[in-house]
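Everything on this sheet refers to the single structure shown next.
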Amino acid sequence: MKSTDRFELPVTGADAGAAATYDRYVGEFLSYGPDLRCLFDAADENPGAPLLNAHAAALHMAFEAAEGWTAAAPYLEQMQKHELDASERERLFCAAVSAWRQRDFARTLDALDELTVRWPADLCAIKWGQYHAFNLGDAAALLRFGERARIVHENAPYAHGMTAFALEQNHRLAEAEDEGLRASEIAIDDAWAHHAVAHVMETQGRAREGARWLDHCAHTWEHKGVFIRDHNFWHAALFRLALGQETEALSIFDNYLWGAWPEFPQEQIGAISMLWRLELRGVDVGERWAPVVAEARKRAGDHLFPFHDLHYLYSLARAGAPQEADAFLASLKARAQKDETGVWGGVALPVAEGLVAFLRDDHETALEKIAPALPDLHRIGGSHAQRHIFVETVEACMKKPRRSAGAFEG
């Protein structure tokens, strides 16, 4: 049994109703809609549809926490049972998801790269490719996928926003802004395009214009998923910080950055990042750390992404019990010993040690650990704007008085 999706690509093993639900999921995924969960019912009712089950597993793992892998397991089992019946394109997506299950994100990216070279009509696979390129800090791959979206899906809703963000991450700022504005003309609710334009304005120091831009777009996020709504408001708060409007940034935190889905790692990271920035500027954040730390400590054993881990560790070192940060750091060292890429041991670990030193007022050690890692920091994932917090922390260390030699003498 084969039906097709909106791009006229086969969806093996799915009846017409399931294919329609898959198509709805694709639309939600590309537009950051709130109803991605519609896919799970279709996959549950169509165990013989490997593509549906592969995407269901991908959605669970994209939660970016260990429980996502647990929830993905039954869908992975059904996918593997039936993937030989699928088309070659679908099998490539299944291969990507299988590598993802093994946390081999580079192999996941390679499979999606091959798939979208051969079938660039699959805009959903292009979006997943960008997701992995971003997490791997591979800006060149991010742009490869973005160019495929632009070439094959000219004037299609949500395609130009994907290209815009890729251009921005490759420092092609004027092109990125043009693409983002074009995307917003095609689909006024393209929240990822709004995000890409905000990145351009942040990079260029256009804080007032950026704040106005996001305020203008914000009404379209009311019916979006938690991630993009939280993250775009995070950028709105960032502009307020640049304008010296710390009270307004704190208000955005309270209204939009924490509480919609506290269990979601991306909400945790955004909250940690904003509290971190606020305190670097001398803002008293009160008791806001407590609920964030309560969730972050649940992630101590995950070690999925170094960018995430550095935020979890910072929150524990800042507001958890002292032994929690030490235990997390020891666990991170063990993770680094198993790493063949050099990212965990060569980049994440020294930064982690530096962050703990920073929060224990050992600013010299913090500077010695973090500053040399900055040129390679893109390898941990995250965007330029997100990673700038590490630069700000180094700058904070440099403003602290250096200890004299006599301070180390008996």
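The values are calculated or read from the model by the stated rules, or taken from the named source; none is laboratory data. Predicted, not measured: the structure shown is a model, and the values here were computed from it. Don't worry about glycine lacking a Cβ; one is built from the backbone with ideal geometry, like all the others, and counts go over all protein chains shown. Note: areas computed on protein heavy atoms with side chains; ligands, DNA, RNA excluded. Shrake-Rupley method; radii C 1.70, N 1.55, O 1.52, S 1.80 Å.
Summary of computed values
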item: Sole exception among (1) surrounded by fewer than 24 Cβ atoms within 10 Å (Cβ to Cβ); (2) touching a Ser or Thr at 6+ places or on another chain (Cβ under 6 Å) for residue 17, by number; result: (2)
item: Exclusive hit being within 23 Å of the chain's Cα centre (by Cα) and either charged (D, E, K, R) or in a helix (DSSP H, G or I) (or both), set 262, 350; result: 350
item: Matching residues in the range 238-254 - criterion: being closer than 26 Å to residue 35 by Cα and either in contact with a helix residue (DSSP H, G or I) (Cβ under 8 Å, 6 or more places away or on another chain) or among the basic types (Lys, Arg) (or both); result: 252, 253
item: Matching residues in the range 29-51 - criterion: being in contact (Cβ under 8 Å) with a residue 60 or more places away in the chain and surrounded by fewer than 20 Cβ atoms within 10 Å (Cβ to Cβ); result: 33, 34, 36
item: Selection status of residue 334, assigned to a helix (DSSP H, G or I), more than 23 Å from the chain's Cα centre (by Cα) and at pLDDT 95 or above; result: yes
item: Among (1) part of a helix (DSSP H, G or I); (2) under 19 Å from residue 282 (Cα atoms), the one test that residue 401 misses; result: (1)
item: Lone unmet requirement of (1) assigned to a helix (DSSP H, G or I); (2) open to solvent by 40 Å² or more (accessible area, probe 1.4 Å) for residue 126; result: (2)
item: Any chance residue 309 is assigned to a loop (DSSP other than H, G, I, E, B), among the charged types (D, E, K, R), open to solvent by less than 40 Å² (accessible area, probe 1.4 Å) and closer than 24 Å to residue 66 by Cα; result: no
item: Members of the range 181-205 found to be among the charged types (D, E, K, R), surrounded by 17 or more Cβ atoms within 10 Å (Cβ to Cβ) and farther than 22 Å from residue 269 by Cα, listed by number; result: 182, 189, 190
item: Qualifying residue in the range 361-370 (condition: open to solvent by less than 10 Å² (accessible area, probe 1.4 Å) and touching a Leu at 6+ places or on another chain (Cβ under 9 Å)); result: yes
item: Leading residue by the ranking (surrounded by the most Cβ atoms within 10 Å (Cβ to Cβ)) among those in the range 52-75 that are free of Cβ contacts under 8 Å to residues at least 24 places away in the same chain and under 23 Å from the mean Cα position of the chain (by Cα); result: 56
item: Cβ-Cβ under 6 Å pairs, at least 6 apart or on other chains, the range 239-261 side closer than 21 Å to residue 203 by Cβ and in contact (Cβ under 8 Å) with a residue 12 or more places away in the chain, far side surrounded by fewer than 14 Cβ atoms within 10 Å (Cβ to Cβ) and basic (Lys, Arg); result: none
item: Pairs where the first residue, in the range 107-134, is free of Cβ contacts under 8 Å to residues at least 60 places away in the same chain and the second is surrounded by fewer than 24 Cβ atoms within 10 Å (Cβ to Cβ) and not in a helix (DSSP H, G or I), C-beta under 8 Å, 6+ apart; result: 109/136; 109/138; 125/119; 126/120
item: Count of residues meeting criterion [closer than 20 Å to residue 387 by Cα and more than 21 Å from the chain's Cα centre (by Cα)] in the range 290-320; result: 2
item: Boolean, residue 216 is touching a residue at least 24 places away in the same chain (Cβ under 8 Å) and either surrounded by fewer than 17 Cβ atoms within 10 Å (Cβ to Cβ) or closer than 26 Å to residue 281 by Cα (or both); result: no
item: From the options 339, 361, residue that is within 23 Å of residue 281 (Cβ to Cβ) and part of a loop (DSSP other than H, G, I, E, B); result: 361
